[in-house]
Every structure is written in C-alpha cells, then in structure tokens.
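Here's the structure we're looking at; comments come further down.
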C-alpha cells in the first residue's frame with residue numbers, strides 16, 4: 001500500500017547529546033565530495049536488496065574518489081580491540097573513526113555526513129540522524145558529537161540535511177529523506193560502509209523526529225527501515241497549529257507559523273485542500289500493519305503537546321505494532337532530554353541495540 005509521509009516538525013537542535021564515548025580531540029569538519037546518486041526524485045519504497053558482502057580492505061570511496069576522510073581519535077568503553085589505555089581508572093579502547101561529507105542530490109542542502117569505524121566483521125547496523133528546526137532551520141552538524149559516539153559503538157552513522165520549507169514546501173522534505181535512504185541502500189554505498197540493509201534505524205529529534213515517524217509509516221516501511229526513534233516529534237501539525245494561538249508563547253507561535261509555511265495553507269478556515277495536506281503530514285493517518293517498531297520520547301511539559309505522541313502511539317498499537325512511548329518529567333524538548341537524563345540516553349541505546357540484536 002502506498003501511503004503519504006510527512007516531514008518532520010518543530011524546534012530544537014540536537015547539540016549536547018551525550019553517548020558513552022569520550023572524544024580525545026575536537027571534532028573534525030568533513031570534506032564534501034562529488035555527488036553520488038544525486039537524483040532529487042527518490043524511490044518512495046525502494047525494493048530491498050540482499051545484504052552486501054563487505055569489503056574490509058576497500059580504500060577507494062565509490063562516491064568520491066580516494067578515501068581522503070577525516071580521522072577522529074576516540075576513547076570508548078564500548079569497543080574491544082588490543083589498543084587500550086586507562087582513563088581515570090577505566091580501561092577504554094582507542095578507536096579511530098572516519099568522517100566524510102557527501103551529496104545525495106543537486107541542492108546545497110541535499111548533503112549528509114557519514115561516520116564509521118574500522119572494518120567490521122560482517123555487515124553492521126546503520127543509523128540515520130535527522131535534525132530539528134521547525135522545518136525552517138537547523139543543520140546536520142548538530143548531530144556530530146552524538147554521531148561519533150554511535151559510530152564508536154560499531155554503527156555506520158549518517159547525519160543528513162534536507163531542503164527546508166523556506167526553499168520548498170511539502171513534500172520536498174519527505175522526498176529528501178527517502179533519497180538519503182535510497183543512497184545508503186545503493187549496493188556500492190552499502191558495501192563501502194558495510195551496512196546491514198535489514199537493520200537501518202531512523203532517529204530524529206523535533207522536526208527530524210516528525211520526519212522519522214513518517215518514514216516509519218510510509219508505504220511498506222518495514223522494507224526500508226527496521227525501526228524509528230523520535231524525540232519530541234510534532235506528530236500532529238494540525239494540533240500544533242491550533243495550540244499556537246495568541247498568548248501561548250514564542251515557541252508555540254513560531255511552530256504555528258511553521259506549519260503554515262510547510263503545508264502552504266492556513267488550517268482555519270477549513271478547506272478540503274488544506275485538510276488533505278494536513279492529513280498528508282500526520283503519521284497517525286498513515287499507519288498500517290507493514291510499518292515498523294517505534295520508540296517515542298516526549299516530556300509532559302514540552303511546548304509540543306505530549307498528546308501528539310499519544311495519538312501516534314495509539315494508532316500503532318491499534319495496528320498491532322510494537323511501540324514504546326516514554327513520558328519524561330519537565331519541559332525539556334528534543335535532544336536536551338538526553339542531556340538531562342543519562343538513564344534515558346542508555347534506554348534509547350539499549351532499545352536500538354535490542355532491535356538490531358547488537359550486543
């Protein structure tokens with residue numbers, strides 16, 4: 001069944017997210033390379049391909065010539081090899097990560113950064129990270145530190161930008177994320193990064209969280225991704241619009257304006273055209289049994305109402321799909337919830353590891 005996906009929603013960047021991995025030096029800026037798989041028209045439901053045979057000794061980057069990557073020294077307790085040292089009484093492993101930028105389309109915002117470690121013994125799970133920013137702003141660079149931490153745990157990690165609503169209205173944002181997934185799934189890229197095509201997680205915060213949940217309810221989503229993690233997703237743009245009237249606060253009012261910019265219409269007065277567009281950007285309306293498990297985290301005092309995530313959880317449960325909705329105390333939004341609660345950070349990592357069956 002073909003279903004229409006919505007792109008992400010709302011505020012907040014992901015700066016300050018903490019994964020258990022200690023950078024031994026400052027982050028390194030990745031170098032963009034020539035475009036690969038640069039079509040701006042995605043395959044909405046790309047056919048699954050078999051897991052590629054990895055090439056551990058491969059040094060030629062299929063998307064950009066020689067392998068001139070930035071190398072990021074890391075210290076991590078999550079990796080085991082022979083190069084270890086003691087840091088503050090804890091034995092940690094020296095882990096050299098690679099980081100590089102790529103284009104997946106022709107637009108300046110159709111870019112991604114890849115993060116990966118030494119050659120894996122077989123295919124490894126992948127995580128696609130999506131930034132927030134009301135559909136209006138934001139950057140993949142806000143994920144850099146967190147992405148490095150995930151890569152130190154053995155994942156192939158990709159942080160992507162996408163066209164903003166100031167450039168193109170919906171559905172350009174959905175199309176871009178589907179294009180990123182198609183790029184990752186191309187045989188040449190999957191082989192180079194040793195991606196396990198059966199274990200791709202989409203993980204977003206705020207705007208990216210909305211995008212992640214809609215990817216997880218798009219078409220036969222289980223043929224494209226394994227699961228979704230969403231922090232403070234705006235799962236009901238119509239509710240966000242209604243909640244952002246005069247006197248409600250700057251963040252709510254900005255989100256209300258952003259909804260109009262994204263869908264290109266004003267929800268009130270009601271029109272058939274605008275109702276159709278709002279349904280198109282609401283994942284709860286797209287849920288079917290061939291969607292994927294989700295972990296949704298939302299604080300009860302978030303400026304994006306917790307009730308929005310409740311509506312998606314209920315739709316997933318009614319379809320018989322695994323879903324966890326965790327309510328956090330306070331009003332933290334997006335990635336700041338992880339910074340405020342180390343237990344939550346570990347819970348998210350454990351949920352991902354269990355889903356991809358990674359020890």
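Take region 234-251 and flag every residue that is over 20 Å from residue 279 (Cα atoms) and surrounded by 16 or more Cβ atoms within 10 Å (Cβ to Cβ). Selection gives 251 alone. Filtering region 137-149 for residues that are farther than 23 Å from residue 357 by Cα, assigned to a loop (DSSP other than H, G, I, E, B) and over 15 Å from the mean Cα position of the chain (by Cα) leaves a non-empty set.
Within region 325-359, if we keep just the residues that are surrounded by 15 or more Cβ atoms within 10 Å (Cβ to Cβ) and part of a strand (DSSP E or B), the residue that is farthest from the chain's Cα centre (by Cα) turns out to be 328.
Residues in region 156-178 that are out of contact with any helix residue (DSSP H, G or I) (no Cβ under 8 Å at 6 or more places or on another chain) and outside any loop (DSSP other than H, G, I, E, B) were compared, and the one that is surrounded by the fewest Cβ atoms within 10 Å (Cβ to Cβ) is 172.
For the criterion of being under 25 Å from residue 308 (Cα atoms) and in a helix (DSSP H, G or I), residue 181 fails.
Here residue 118 meets the list (1) assigned to a loop (DSSP other than H, G, I, E, B); (2) surrounded by fewer than 23 Cβ atoms within 10 Å (Cβ to Cβ); (3) out of contact with any strand residue (DSSP E or B) (no Cβ under 8 Å at 6 or more places or on another chain) almost entirely, failing just condition (3). A single entry from 286, 253 fulfils the requirement of being over 17 Å from residue 169 (Cα atoms) and in contact (Cβ under 8 Å) with a residue 12 or more places away in the chain: 286. Please verify whether region 269-277 includes one or more residues that are free of Cβ contacts under 8 Å to residues at least 24 places away in the same chain, touching a helix residue (DSSP H, G or I) at 6+ places or on another chain (Cβ under 6 Å) and under 20 Å from residue 174 (Cα atoms). There is no residue in region 269-277 that is free of Cβ contacts under 8 Å to residues at least 24 places away in the same chain, touching a helix residue (DSSP H, G or I) at 6+ places or on another chain (Cβ under 6 Å) and under 20 Å from residue 174 (Cα atoms).
Read-outs throughout are calculated quantities, based only on the coordinates presented, and are distinct from any laboratory measurement. Remember, predicted model here, so these are calculated numbers, not experimental data. Every residue, glycine as well, gets a Cβ built from its backbone with ideal geometry; the counts of neighbours run over all protein chains shown.
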